[in-house]
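Every read-out reported here was derived from the displayed coordinates using simple, explicitly stated rules and does not represent laboratory data. None of the values given here were measured: they were computed from a predicted structure. When we count neighbours, we look across all protein chains shown, and the Cβ atoms used for this are built from the backbone with ideal geometry, even at glycine.
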Amino acid sequence: MARETWATRAGFILAAVGSAVGLGNIWRFPFITGQEGGGAFLLVYLLFVALIGLPAILVEFVIGRHTELNPVGAIRALGSGAWNYLGWLFVAIGFVILSYYSVVAGWFLRYTLIGVLDGYAIADTGEAQALFGTVATGIDTLLFHAVFMALVIGIIAAGVRRGIEIGVKVMVPAIVILLVGLAAYGFTLDASTAAYSYYLSPDFGYLAANWTSILPAAAGQAFFTLSLGMGVMITYASYLGEDRNLVADAGVIASLDTLVAVLVGFVVFPFLFAAGLEPGAGGPGGIFVSLTTAFAGIPGGRVLGVVFFGMVGIAALSSAISILEVLVSYLIDELGVSRVPASIALGVAVFLLGVPVTIDLIFLDLFDLLADGILLVLGSLLLALFVGWVVPDIAREELSRGIGDLGPFGDAWIWIVRIPIVVVVAVSLYLGVVDYVEFLTVDFAEWLAAR
Ligand code: PHE
Ligand code: NA
């Protein structure tokens, strides 16, 4: 049976952008930036995306397009021995990420509905925080988690690529326009000057003193936001079967993704500063607290809010389906299971794993720190080692397909993947493990003790 390919020429890039742009940009980026010191983090993050993220996208693209297989099968086809287990790591990562991703996406659906039913009648930031408190956990949260996973399962079971392509074409530009508008409103606030200086001017003293937490946070955020380290980009490139210029595609994906994230900072920080909040204090609720405060103060804010939260819900959907697609394509290709039962079984398992997150936010940290700080970084490290040292010739050759002679660029890419990327990512991984151990022995232990 011939393997499916993308419906249109643009299908691949649209789906990859749809996977990249999501909660990582809109929800996670501002809260991690706030926690890690603003400008210092932004600088390290941007460097990470450009110098490590971009070459790492190409690593996944060449593996996928060359093998035309799911990530588990792709690594097995190219490698041998212990490399065969790498695909399993991807499947495990997909489970962990999607479980809490769906809960957070459910928050956005809930805020959309709140706007439709009641509007955002928020008198002050205290009320915005109280509202987030009621949305973050509880039985309704579980319900919205279920609704979101049902949508993801439905789309993956039906295998509807066209829907995704149109969704992305409309939604990404719409989100950018809305963010620019909201950022312009943020600019009018008195607090905006202080907010911009916090966000845009890196405090190098702070960076020097805190690099052991900034580096792993930037690594985790860069891989998460670009959908790297768990086989999504391998899977999407495996449906290509044509000679596209992968370097140009990777550039488009990374630029759009970064644009959306950076814009979100221009919206969130002015409002947090205006409310007199610590930029990191809002935690995972930061985006909701600042936006509901904003929407309550703008004429037409209710409509804007519904549109914005709804758009983000759609953006989250196109990212979530890319994760479930990895798991499902594995079951289809490797075990011969058919699409519908595979989608339902895996989707329900992911839903169940996410249930604790709807009960207590400590589980959000437990899963998110593990997935982002460790697993995606580990996955990306192993992929870089694999392409750089095990199959460099195949990789260089595959990269040139659709471009022509790469000249010295091809060798440069392999050498960047082989040494600098491996070293920086390995250091980030080590620091991420140290952070996680601290989280487990301090925060999580305290939480358990309080039970
Ligand atoms: N890149 C997505 C986002 O920014 C999240 C994601 C991570 C998707 C890993 C797929 C794989 O929201
Ligand atoms: Na992203």
Expressed as a whole-number percentage, the relative contact order of the stretch 1-160 with C-alpha contacts under 8 angstrom and at least six residues apart is 16 percent
For the stretch 263-380, averaging the sequence separation of alpha carbon pairs under 8 Å that lie six or more residues apart and dividing by its residue count, the contact order in percent is 11 percent
Please identify the longest segment of the chain free of exposed GluC sites (Glu not before Pro), where exposed means a DSSP state other than H, G, I, E or B and no more than 15 other Cβ atoms within 10 Å.
-> 5-241
How large is ³J(HN,Hα) for each residue in the stretch 11-28, as worked out from phi by the Karplus curve 6.51 cos²θ - 1.76 cosθ + 1.60 (θ = phi - 60°), to whole Hz, x for Gly and Pro?
-> x, 4, 5, 5, 5, 5, 5, x, 5, 5, 6, x, 5, x, 7, 8, 9, 7
In sequence order, what are the phi-derived ³J(HN,Hα) couplings for the stretch 416-424 according to the Karplus relation 6.51 cos²θ - 1.76 cosθ + 1.60 with θ = phi - 60°, rounded to whole Hz, with x for glycine and proline?
-> 5, 5, 5, 10, x, 5, 4, 5, 4
Sum -39500 (n - 2.57) across every DSSP H segment of at least 4 residues in the chain, then divide by the residue count to get the 222 nm mean residue ellipticity, nearest 500.
-> -24000 deg cm²/dmol
Go through 87-97, 231-241 and give me the packing order, highest mean Cβ count within 10 Å leading.
-> 231-241, 87-97
Would you mind classifying the stretch 363-451 by shape? Square roots of the alpha carbon gyration tensor eigenvalues, ordered a ≥ b ≥ c; an a/c under 1.5 is rounded, otherwise it is prolate if a/b is larger than b/c and oblate if not.
-> prolate
Counted charge near LEU366, where neighbours are those whose Cβ lies closer than 10 Å (Asp, Glu -1; Lys, Arg +1) = -4
Over the stretch 73-209, what number does the Rg to Rh ratio reach, with both radii from the alpha-carbon atoms and Rh per Kirkwood?
-> 1.08
Dipole of the chain (Lys/Arg Cβ +1, Asp/Glu Cβ -1, origin at the Cα centre): which of VAL72, THR5, LEU335 lies farthest to the positive side?
-> THR5
Globularity index of the chain, i.e. its alpha-carbon radius of gyration over 2.2 N^0.38 Å = 0.94
If you bin the C-alpha pair distances of the stretch 236-346 every 5 Å from 0, what whole percents do you get?
-> 2, 9, 13, 14, 15, 12, 11, 10, 8, 5, 1, 0
Taking the Cα centre of the chain as origin and charging only Cβ (+1 Lys, Arg; -1 Asp, Glu), how large is the dipole, in debye to the nearest 20?
-> 840 debye
Exposure-ranked with fewest Cβ neighbours within 10 Å first, LEU42, LEU272 stand as LEU42, LEU272
Estimated vicinal HN-Hα couplings, Hz - the stretch 38-45 in sequence order (Karplus 6.51, -1.76, 1.60; Gly, Pro = x) | x, x, 4, 5, 4, 4, 5, 4
If you add up the charges near VAL62, with Lys and Arg at +1 and Asp and Glu at -1, over every other residue whose beta carbon is less than 13 angstrom from its beta carbon, what do you get?
-> -3
Before anything else, pin down the relative contact order of the chain: Cα pairs under 8 Å, at least 6 apart, normalised by residue count, whole percent.
-> 35 percent
